[in-house]
Amino acid sequence: MICLIYDYLIIRFGELSLKGKNKRRFIYKLDETVREKLRPFPNLKIKKHFDNIDIQLNGESYQEVAEVLTKIFGIHLIRPALKVENNIESIKEKALEIIQNEPNVRTFKISAKRKNKRFPVKSNELNHVLGGHILTNTENITVDVHHPDLDLRVEVMDHETRIYGKEYRGAGGLPVGTAGRVLLMLSGGIDSPVAGYLLLKRGVTIEAVHFHSPPYTNDRARQKVIDLAEKLQDFGGKVKLHIVPFTNVQIAIRDKMPENYSMTIMRRMMMRITEKLAEKRNALAIGTGESLGQVASQTLDSMNTINEVTNLPVLRPLLSMDKIEIMAIANRIETYDISIRPYEDCCTIFLPAAPKTKPNRKNANKFEQYLPIDDLIEEAISGVETIEIGKHNDKDFIDQLL
Amino acid sequence: MIYLDNSATTKPYPEALETFNIVSNQFFANPSSIHGLGGLSEEMLKRSRTQAAELLGVKPSEITFTSGGTEGNNLAIKGVALSYSQRGKHIITTEIEHAATYNAFKQLENAGFEVTYLPVNHKGRVNLEDLKKACRKDTILISIIHVNNEVGTVQPLQEIGEWLKEQRATLFHVDHVQGIGKVPLNLKEYGIDLCTISGHKFHGPKGTGLLFVRGGVSLSPLFSGGSQELNRRAGTENLPGIAAMVKALRINLETSKRHLDDLKCLKNKMIRSFETNDDLIIHTPAEFSAPHIINVTIKGIKAEVLVHALEEDDIYVSTKSACSSREGGASRVLLAMGIPEDEAAHAIRISLSLENTSDEIDRFLDIFNKKINELKSVMG
C-alpha cells in the first residue's frame with residue numbers, strides 16, 4: 001500500500017554537524033550521493049540547506065525513498081513531514097491522520113514548536129489541543145511523554161505548519177568520498193565485502209582489488225566479485241574493481257617455494273601488488289577483511305610476516321569481530337548470499353595441506369630470494385583489468401530482455 | 001476480436017514472446033552447467049529472479065519459479081502441510097477457492113489433516129471473526145484467494161494478515177493469481193508468508209509462475225530431484241518462460257500503475273449498462289471487487305448459449321472458471337455465496353485486462369444487448 005500523506009522527507013546529518021569548516025564539503029558530497037541514489041524517482045525535488053537536505057516528494061512513496069536513504073552513509077535521521085496551513089483545525093486533522101497511518105503506534109507525545117509567534121495558539125496549548133484530539137478519536141493509543149512510540153513534532157512556521165511522522169534511523173557514519181581512497185582486497189568470501197562496507201561507513205572511496213587465476217578460477221568467480229562490488233556501491237560512491245591476473249604468480253610459488261610457506265608468500269605477493277596499484281591510483285591505505293586468528297593467514301605471526309612488505313596502513317575493520325558478527329552484517333547488507341556461491345577462488349585453489357600458522361619474516365625473506373618478485377609483480381600489474389561497476393556492458397543485453 | 005475471457009488466460013505481450021524466443025535461442029545452456037555458457041544462463045536466471053523480487057518488493061531468495069498457479073498453490077499448501085505437520089494438522093481455507101487450492105485441501109483431508117472451510121457472505125467475502133473462531137493452537141496454515149476468479153470479490157487480506165501476525169504459529173498463503181496487476185497486495189505489510197502468481201494471467205507465457213516464500217518458511221518440495229530453486233523445486237529451469245514471465249510482469253505492473261483507473265472505468269461502464277437491464281442479475285459485488293471481473297446471470301438464457309452467440313461476432317466470454325467449466329452443474333463459488341442453483345448455473349463471466357479499450361466495451365455492450373433480445377424472443 002502506497003501511503004501519500006507526506007509531502008517531504010527531511011534528512012538530518014548527525015556526526016557531520018561537528019566537522020566545523022569541512023562541513024560544506026561533507027554536505028556537498030552527501031547531496032551528490034543522495035541525488036545519484038534517488039535518480040529512479042524523477043518527481044523528487046531535492047534541496048540542500050546548512051543543517052539538512054529536504055526532499056519534496058511530489059507523489060513518490062515516502063517509504064520507498066526512505067528505504068534508499070537509510071542505506072546512505074552520513075545520514076543520521078530521516079523524517080517524513082507534511083505541510084498544512086496555519087490553521088488549528090487542519091493541524092488537528094493531519095496530526096490525527098499521521099497517527100492513524102503509522103503502524104504499531106501505541107503511545108505518543110506531541111512536541112509543538114511555535115516559531116511563528118503570531119499564531120494564536122501557544123506551543124503548550126497546542127500540545128494539549130492536539131493530544132486531546134488524538135485521544136478522543138483513536139482507540140488503544142495513550143500518551144507517554146518519556147518513551148513514546150511516536151514523538152509527533154509540530155512546527156508552526158511563518159507561512160505553513162510542518163508535522164513530522166515517525167523517523168527512520170539513517171546508516172550513520174560519514175558521506176562516502178570525504179575520507180580519501182582505499183584499495184580493498186576483495187576475495188569473494190564473506191569477510192572482505194563486510195570490511196568494505198565498514199570502510200565506506202567512515203567515508204572512504206573504495207577501489208576493490210581481486211586476484212583472478214584463470215583457468216583455475218572461472219568467469220563465475222569473477223562475476224561473483226563484480227556482484228559484490230555492485231552491492232557495496234549501494235552504500236554510496238562509485239566502486240572501481242581491479243582484476244589482477246594471478247595465475248603465473250601462483251604457479252611460480254607452487255614450483256619454487258616450500259609448500260608450508262606458499263600461502264604466506266602468496267599473501268605477501270598480493271600485498272606487494274596491491275601496494276603498487278595503490279601508488280598508481282593515489283590510494284592512501286589498503287583494506288582487508290582479516291579477523292585476528294580466524295584462519296592460518298590471519299594469525300598475529302602471519303600478519304606480522306605478511307605486513308612486512310608494505311609501508312601503507314593496512315585497515316582491518318573486522319580485526320576483533322567473531323565470524324558470527326561478521327555473518328550478521330553480511331546478511332544485513334545482502335552480500336552473504338553472493339559470497340556463499342560455491343566457486344573456487346585463488347586462495348582455495350592452491351591451498352597447501354598444512355599452511356604455516358606461525359611463519360616468520362626471516363624465513364619468508366630467505367625463500368623469496370628464489371622468486372623473481374619484481375618481474376612477477378610487473379607482469380601482474382600490466383595485465384590488470386579495471387571495471388567500472390554499474391557500467392555493465394555485457395549485462396545490458398540481458399537488461400533489454402527483461 | 002473482442003477478448004473478454006482474461007481471467008481464463010491472457011494474450012501474451014509481443015515483447016514477452018520476443019524475450020522467450022531470444023532466450024530459447026541464445027541462453028539454451030543449463031544454468032547448472034559449470035561452463036561459461038551455463039554461466040550466462042545462470043546470470044539470466046539470477047537477473048530474472050532479482051527483477052521479479054524488485055517488482056514484488058521482496059528478496060530474490062524469496063522467489064521460487066514454478067509452472068503456474070496450480071503448482072504454486074499445491075507447492076505452498078502441501079509443502080507447508082508436510083513440513084509443519086509435527087506442529088499441528090489443522091489447516092484453513094475458504095469455500096470459494098480455485099480448484100487448485102480446494103482440491104489440494106481435499107487431498108490433505110483424505111491424508112489425515114483436519115480442514116476448516118470458511119463460509120462467505122452473499123458478496124463472497126469471508127469474515128475475520130469466523131477465521132478467529134476457526135483458528136486453533138494446532139492451525140499451521142491459512143490459504144485464501146485474494147481475488148476470486150469467478151465473481152471478482154476481494155478478500156479482506158489486510159485485516160486478516162494483521163491479525164495473523166500475532167498468531168505466530170500459523171502461516172498465511174495467498175492465491176494472488178487473479179489479483180496481480182489488478183488489485184495491489186503488499187506482501188510485507190499484510191504479513192503474507194506465501195503467495196502464488198501465474199504468468200499467463202498477466203500476458204506472460206503459459207507454464208510459468210512464481211511462488212513467494214518468505215525467508216525462514218520451510219517447504220517440503222513436491223518434486224524430488226536436484227537442488228534447483230533453493231531445493232524447493234527440482235528440475236531444469238524453464239529459463240525462456242521465466243525470463244518472458246518476468247518481462248511481462250514488469251510491463252503489466254507499469255501499465256497497471258498508469259491505467260488501473262481506466263480499467264475501473266471500463267468495468268463501471270459495463271455495470272451501469274447492466275443495471276438498467278431488468279433481465280440481468282449481477283453477482284459481482286459493487287464494493288470489494290476487482291476491476292476486471294463481472295459475473296452476471298441473464299434470466300431465462302442459458303450461459304452456454306450466450307457464450308456461443310457472442311462467439312459468432314468474435315466476442316469471447318466464459319461460463320464460470322475455465323478450470324471447472326467442463327464439469328457441468330452450478331458453480332461451487334456462486335452456491336457458497338447463497339445464490340440459488342438455477343441462477344448460479346446460468347452465470348457468465350466477463351473478464352477484462354488492461355489491454356481492453358473503451359471502444360471495445362461499447363461495441364461489446366451493443367452486441368451483448370442485441371443478442372439478449374434476439375435470444376429472448378427465440379427462447380421466450
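Quick one: which of A:I381, A:I333, A:I324 is within 14 Å of another protein chain (Cβ to nearest Cβ), at negative phi and under 29 Å from the mean Cα position of the chain (by Cα)? Full working, then the answer.
Details: A:I381 fails: within 14 Å of another protein chain (Cβ to nearest Cβ); A:I324 fails: within 14 Å of another protein chain (Cβ to nearest Cβ).
Among A:I381, A:I333, A:I324, only A:I333 is within 14 Å of another protein chain (Cβ to nearest Cβ), at negative phi and under 29 Å from the mean Cα position of the chain (by Cα).
Listed residues A:L82, A:L30; which is buried (at least 16 other Cβ atoms within 10 Å of the Cβ), among the hydrophobic types (A, V, I, L, M, F, W, C) and part of a strand (DSSP E or B)?
Numbers: A:L30 fails: part of a strand (DSSP E or B).
Unique residue meeting the criteria: A:L82.
When you look at B:I315, is it within 30 Å of B:S48 (Cα to Cα) and more than 14 Å from chain A (Cβ to nearest Cβ), yes or no? Give the derivation first.
Values: within 30 Å of B:S48 (Cα to Cα): no; more than 14 Å from chain A (Cβ to nearest Cβ): yes.
Answer is no for this residue.
Step by step: first the residues of the range B:241-260, then only those that are surrounded by fewer than 22 Cβ atoms within 10 Å (Cβ to Cβ) and within 14 Å of chain A (Cβ to nearest Cβ), then the one that is farthest from the chain's Cα centre (by Cα). Which residue is that?
Taking the candidates together, the pick is B:R258.
If you go through the range B:269-291 one residue at a time, do you hit one that is among the hydroxyl-bearing types (S, T, Y) and touching a strand residue (DSSP E or B) at 6+ places or on another chain (Cβ under 7 Å)?
Checked the range B:269-291: at least one residue is among the hydroxyl-bearing types (S, T, Y) and touching a strand residue (DSSP E or B) at 6+ places or on another chain (Cβ under 7 Å).
Give the range A:216-228 a look and list any residue that's in a loop (DSSP other than H, G, I, E, B) and within 11 Å of chain B (Cβ to nearest Cβ), or say none.
First pass over the range A:216-228, keeping only residues in a loop (DSSP other than H, G, I, E, B): A:216-218.
Residue satisfying the conditions is A:N218 alone.
Being under 18 Å from the mean Cα position of the chain (by Cα) and surrounded by fewer than 22 Cβ atoms within 10 Å (Cβ to Cβ) is true for just one of B:L263, B:L194. Which residue is that?
The match here is B:L263.
Looking at A:G188, A:G196, which is the one that is under 20 Å from A:G390 (Cα atoms), away from every other protein chain (no Cβ under 14 Å) and part of a loop (DSSP other than H, G, I, E, B)?
Working: A:G196 fails: part of a loop (DSSP other than H, G, I, E, B).
Sole residue among the options that is under 20 Å from A:G390 (Cα atoms), away from every other protein chain (no Cβ under 14 Å) and part of a loop (DSSP other than H, G, I, E, B): A:G188.
Would you please list the contacts, defined by Cβ atoms under 8 Å and residues six or more apart or on different chains, that run from a residue in the range B:228-242 that is outside the structural domain of B:A29 (by TED's automatic domain parsing) to a residue that is surrounded by 20 or more Cβ atoms within 10 Å (Cβ to Cβ) and in a loop (DSSP other than H, G, I, E, B)?
As it stands, the answer is none, since no pair meets every condition given.
In the set B:F223, B:F212, B:F202, B:F288, which member is among the aromatic types (F, W, Y) and touching an Asp or Glu at 6+ places or on another chain (Cβ under 6 Å)? It would help to see each step written out before you state the result.
Values: B:F223 fails: touching an Asp or Glu at 6+ places or on another chain (Cβ under 6 Å); B:F202 fails: touching an Asp or Glu at 6+ places or on another chain (Cβ under 6 Å); B:F288 fails: touching an Asp or Glu at 6+ places or on another chain (Cβ under 6 Å).
After ruling out the rest, the residue left standing is B:F212.
Out of (1) free of Cβ contacts under 8 Å to residues at least 60 places away in the same chain; (2) among the hydroxyl-bearing types (S, T, Y); (3) crowded, with 17+ Cβ neighbours inside 10 Å, the odd one out for A:T335 is which?
Status for A:T335: all satisfied but (1).
Consider the range A:254-268. How many of its residues are in contact (Cβ under 8 Å) with a residue 12 or more places away in the chain and surrounded by fewer than 24 Cβ atoms within 10 Å (Cβ to Cβ)? Can you show your working first?
Step one: filter the range A:254-268 for residues in contact (Cβ under 8 Å) with a residue 12 or more places away in the chain, giving A:254, A:256-268.
From the residues that got through so far, the ones that are surrounded by fewer than 24 Cβ atoms within 10 Å (Cβ to Cβ) too are A:254, A:256-262.
Residues flagged as in contact (Cβ under 8 Å) with a residue 12 or more places away in the chain and surrounded by fewer than 24 Cβ atoms within 10 Å (Cβ to Cβ) within the range A:254-268 amount to 8.
Tell me the residue from A:D151, A:D158 that is assigned to a strand (DSSP E or B) and either in the same structural domain as A:Y62 (by TED's automatic domain parsing) or modelled with pLDDT of 90 or more (or both), please.
Values: A:D158 fails: assigned to a strand (DSSP E or B).
Only one candidate qualifies: A:D151.
Within the range A:44-61, track down each residue that is more than 16 Å from A:Y28 (Cα to Cα) and either in a loop (DSSP other than H, G, I, E, B) or in contact (Cβ under 8 Å) with a residue 60 or more places away in the chain (or both).
Across the range A:44-61, the qualifying residues are A:L44, A:L57, A:N58, A:G59, A:E60, A:S61.
Would you confirm whether or not the range B:83-93 contains a residue that is at pLDDT below 95 and in a helix (DSSP H, G or I)?
Yes: the range B:83-93 contains one or more residues that are at pLDDT below 95 and in a helix (DSSP H, G or I).
Considering the range B:81-97 alone, what residues qualify as being buried (at least 24 other Cβ atoms within 10 Å of the Cβ) and closer than 24 Å to B:K201 by Cβ?
Correct list: B:T93, B:T94, B:I96, B:E97.
Checking B:F20 against (1) assigned to a helix (DSSP H, G or I); (2) modelled with pLDDT under 95; (3) more than 9 Å from chain A (Cβ to nearest Cβ); (4) closer than 14 Å to B:V246 by Cβ: exactly one of these is not met. Which one?
(2)
When you scan the range A:91-123, how many residues do you find that are in a helix (DSSP H, G or I), of a type outside the set (V, I, T) and either under 39 Å from the mean Cα position of the chain (by Cα) or within 13 Å of A:I134 (Cα to Cα) (or both)? Steps first, please.
Here is the first cut: in the range A:91-123, the residues in a helix (DSSP H, G or I) are A:91-101, A:123.
Still in the list and also of a type outside the set (V, I, T): A:92-97, A:100-101, A:123.
Checking which are either under 39 Å from the mean Cα position of the chain (by Cα) or within 13 Å of A:I134 (Cα to Cα) (or both) leaves us with A:92-97, A:100-101.
The number of residues fulfilling the criteria is 8.
Being in contact (Cβ under 8 Å) with a residue 40 or more places away in the chain and either out of contact with any Gly (no Cβ under 8 Å at 6 or more places or on another chain) or within 14 Å of chain A (Cβ to nearest Cβ) (or both) narrows it down to one of B:A81, B:A29, B:A104, so name that one.
Values: B:A29 fails: in contact (Cβ under 8 Å) with a residue 40 or more places away in the chain; B:A104 fails: in contact (Cβ under 8 Å) with a residue 40 or more places away in the chain.
After applying the criteria, what remains is B:A81.
Do you know which residues across the range B:206-218 are in a loop (DSSP other than H, G, I, E, B) and crowded, with 22+ Cβ neighbours inside 10 Å?
B:T208
Given the conditions (1) over 14 Å from B:G72 (Cβ atoms); (2) surrounded by 24 or more Cβ atoms within 10 Å (Cβ to Cβ); (3) among the polar types (S, T, N, Q), which single one is not true for B:T139?
Single failed check for B:T139: (2).
Name every residue in the range B:180-236 that is away from chain A (no Cβ under 14 Å) and of a type in the set (S, T, Y), in order of residue number.
Scanning the range B:180-236 gives B:T196, B:S198, B:S218, B:S220, B:S224, B:T236.
Here are the criteria: (1) modelled with pLDDT of 90 or more; (2) over 20 Å from the mean Cα position of the chain (by Cα). Tell me which single one A:A66 does not satisfy.
(2)
Given the conditions (1) in contact (Cβ under 8 Å) with a residue 60 or more places away in the chain; (2) away from chain B (no Cβ under 14 Å), report the number of the one that A:T205 does not fulfil.
It fails just one condition, (1).
Taking only pairs six or more apart or across chains, which ones have beta-carbon atoms under 9 Å, a first residue in the range A:353-371 that is touching a residue at least 12 places away in the same chain (Cβ under 8 Å) and of a type in the set (A, V, I, L, M, F, W, C), and a second residue that is surrounded by 11 or more Cβ atoms within 10 Å (Cβ to Cβ) and in a loop (DSSP other than H, G, I, E, B)?
From residues that are touching a residue at least 12 places away in the same chain (Cβ under 8 Å) and of a type in the set (A, V, I, L, M, F, W, C), the pairs are A:A364/A:E308; A:A364/A:V309; A:F367/A:M257; A:F367/A:P258; A:L371/A:M257.
Please specify each residue of the range B:32-41 satisfying the condition of being within 12 Å of B:T236 (Cβ to Cβ) and either touching a residue at least 40 places away in the same chain (Cβ under 8 Å) or facing chain A (nearest Cβ under 9 Å) (or both).
Within the range B:32-41, the subset within 12 Å of B:T236 (Cβ to Cβ) is B:32-33, B:38, B:41.
Of everything in the range B:32-41, those that are within 12 Å of B:T236 (Cβ to Cβ) and either touching a residue at least 40 places away in the same chain (Cβ under 8 Å) or facing chain A (nearest Cβ under 9 Å) (or both) turn out to be B:S32, B:G38, B:S41.
List the helices (runs of 4 or more DSSP H) inside the range B:251-359, counting only whole elements, that have at least 3 residues being under 16 Å from B:I96 (Cα atoms).
Values: elements: B:303-311, B:332-336, B:341-345.
In the range B:251-359, the matching helices (runs of 4 or more DSSP H) lie at B:332-336, B:341-345.
From (1) within 14 Å of chain A (Cβ to nearest Cβ); (2) under 17 Å from the mean Cα position of the chain (by Cα), pick out the condition that doesn't hold for B:S289.
Of the numbered conditions (1) within 14 Å of chain A (Cβ to nearest Cβ); (2) under 17 Å from the mean Cα position of the chain (by Cα), the odd one out for B:S289 is (1).
Does A:A353 satisfy the condition of being surrounded by fewer than 17 Cβ atoms within 10 Å (Cβ to Cβ) and in the same structural domain as A:F235 (by TED's automatic domain parsing)? Step through it out loud before you land on a result.
Values: surrounded by fewer than 17 Cβ atoms within 10 Å (Cβ to Cβ): yes; in the same structural domain as A:F235 (by TED's automatic domain parsing): yes.
Yes, satisfied.
The values are calculated or read from the model by the stated rules, or taken from the named source; none is laboratory data. The structure displayed is predicted, hence computed values, not measured ones. When we count neighbours, we look across all protein chains shown, and the Cβ atoms used for this are built from the backbone with ideal geometry, even at glycine.
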